[in-house]
1. Can you tell me how the chain classifies by the Cα gyration tensor, rounded, prolate or oblate, using a/c under 1.5 as the rounded cut?
2. Quickly estimate the mean residue ellipticity at 222 nm for the chain, helices only: each DSSP H run with n ≥ 4 gives -39500 (n - 2.57), and the total goes over all residues, rounded to 500.
3. Take the residue pairs LYS77/LYS288; LYS147/LYS288; LYS179/LYS374; LYS77/LYS169; LYS76/LYS314; LYS32/LYS314 and return only those whose Cα atoms are more than 32 Å apart.
4. How do the peptides 83-94, 32-43 rank, highest first, by the average count of neighbouring beta carbon atoms within 10 Å per residue?
5. Taking the simple approach of a point 7 Å from Cα along Cα-to-Cβ for both THR333 and ALA184, what is their distance in nm?
6. Kyte-Doolittle mean at least 0.0 and Cα extent at least 15 Å along the axis: which DSSP H helices of the chain qualify?
7. For ALA313 and GLN386, FRET efficiency with R0 = 25 Å and r from the beta-carbon atoms, rounded to 0.05?
8. Between GLU247 and SER94, 0.36 nm times their residue separation minus their Cα-Cα distance comes to what?
Amino acid sequence: MFLQIHTLTSHHASLLNRDDAGLAKRIPFGDKTRLRISSQCLKRHWRGNLQETVPLPSGLRTRHFFEREIYDRLVKKESVNADLAMQLTVKLISLLLQKSDKPKDEKPKKPKKASEDQLELELSDDKAEETLETSGLLVKQPILFGKPEADFLVALLKECADQGEDAEKELQAKLKTDKANFKAMLRQAGFGSLYAGLEGALFGRFVTSDILARSDAAVHVAHAFTVHGLDTEVDFFTVVDDLNLDEETGAAHAGDMELGAGLFYGYVAVDIPLLVSNLTGCEAKDWKQQDFADTRTVLAGLIEAIATVSPGAKLGSTAPYAYSDFVLLEAGTKQPRGLSNAYLQALPTHGDLMQSSVNALGNYLNEVDGMYGKTAQHRYASTIKQWTEDTAPRKPLAEAVQSILDGLFGA
């Protein structure tokens, strides 16, 4: 079972997502190059919103997990002796990284490039960023840890610290385990199944540790792109010195940035059995037997975030905030498919571009259904524009969300 979310969102002059040169991201598609917003950028902003709106344990994407979440909490909140806290935290790192399992004569492997959600757990060799007190605790790359994991590990190290001289041996014995047993330990200790936090349940986590469990992404996010061709402008700006004397002319600073305006098509697909599995700890095949209350809350929050949360750099000078003018929700058992090819030929920008975009998406959807048969069991649209209800019933967004969730899980 899959949920698919399609959006059309118009952004005024802004710089939504920059590349390493500070220019607006772009991508060739069909007959034109388009403005683009990366999936990483979109997910980052949605995560921040979901942390505030969904009452479930969150995650921490950080390089400083062992330093600032484990060691600091042991010393400042659990009153563990600093030397013992350091000893246990270093031992914890060695157990999670399994450093001792590597043969001494093993040749170092070439570093692999990894995506945001596929970062290996390694210690940093950047000593400049470490303090004397936390030397050896900095992780090489930011990685996602769940708050339940953090709470469990702090409690575990505190329990071991209470053993005094045998603290390290106690930790070694407790963590001589594997991924499945570690998850069972978390549940038995009362920390639930969201070991990697809500972010891990939604967007996944990849780790190479023999103990920490990976989490496959249940939410698949496409890069958003404009339905029309790229058209940007370089904005030249100056800063006037307020204390200039009358005879002092010219600017105190001059700069420029690339701005673009556009109507973006966005697409998200959600693997419902996998999401339920990630949220509850069940096997994906048993998803229908679970309590769906949390899953409904998470999906409602996710759809709301997708439709209303805007990414954007240069917030103070562009106010890049916009809601989607069109949202199409689909649910069904068939393989998901985006509707981006509705814009393979870039739309002309004259006239009512939003209405033209809505029409193009509806026409393409009908053509796909005509070729393959109906490709979704449930559909609902929410839009301020004209829409053919034969394609999908039109409702206010809140009602459309509840209707699609009822289609997924039952009323």
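Each value in this text was obtained by applying a stated rule to the coordinates, not by laboratory testing. Since the model is a prediction, treat every value here as computed from it, not as a measurement. With ideal geometry, Cβ positions are generated from the backbone for all residues, glycine too; neighbour counts draw on all protein chains shown.
1. Oblate is the answer for the chain, as a/c is 1.5 or above yet b/c matches or exceeds a/b.
2. -10500 deg cm²/dmol
3. Pairs exceeding 32 Å: LYS77/LYS288; LYS179/LYS374; LYS76/LYS314.
4. Top to bottom by mean Cβ count within 10 Å: 32-43, 83-94.
5. Distance between the two pseudo-spin positions: 3.3 nm.
6. In the chain, the long hydrophobic H runs are 82-97, 147-161, 293-308, 397-409.
7. According to the calculation, E is roughly 0.15.
8. 48.5 nm
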